[in-house]
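One structure is given below, encoded as structure tokens.
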Amino acid sequence: KNRTICLKDYCGTIDAYDGNDKVGFIQFEVVEYTTRYGESESTAYPEQMHIDGKYQRSGIATQIIEYA
């Protein structure tokens, strides 16, 4: 649809912008843990999400998940 979507992340949330307009986001819970080998790792779980109705079904949420 000739759109350029910009992703910005801040404190566990990734926002999607079309120009200056915020068109969606996914908020993640980040869980940090230590493996049995003593290595530190983390996993992010999607908690909340919203994509503006005009932008749904255009791959924005998929791009956010891949970016995360």
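Numbers below:
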{"item": "Accessible area per residue, Å², the chain with all protein chains present, probe 1.4 Å", "result": "79 Å²"}
{"item": "Surface accessible to a 1.4 Å probe, residue 62 within the full protein complex, Å²", "result": "80 Å²"}
{"item": "Between segment 25-68 and segment 4-18, the Cα center-to-center distance that results, in Å", "result": "12 Å"}
{"item": "Residue order for 54, 8 - accessible surface, 1.4 angstrom probe, largest first", "result": "54, 8"}
{"item": "Ranking by accessible area, most exposed first, for 57, 3, 36 with a 1.4 Å probe", "result": "57, 36, 3"}
{"item": "Accessible-area order (highest first, 1.4 angstrom probe) of the listed residues 58, 40", "result": "40, 58"}
{"item": "Probe 1.4 Å - accessible area at residue 33, Å² to nearest ten", "result": "90 Å²"}
{"item": "Accessible-area composition of segment 1-67, carbon plus sulfur, in percent [1.4 Å probe]", "result": "43 percent"}
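The values are calculated or read from the model by the stated rules, or taken from the named source; none is laboratory data. Here the structure is a predicted model, which is why all the values come from computation and not from measurement. Accessible surface areas use protein heavy atoms only, side chains included; no ligands, DNA or RNA. Shrake-Rupley method; radii C 1.70, N 1.55, O 1.52, S 1.80 Å.
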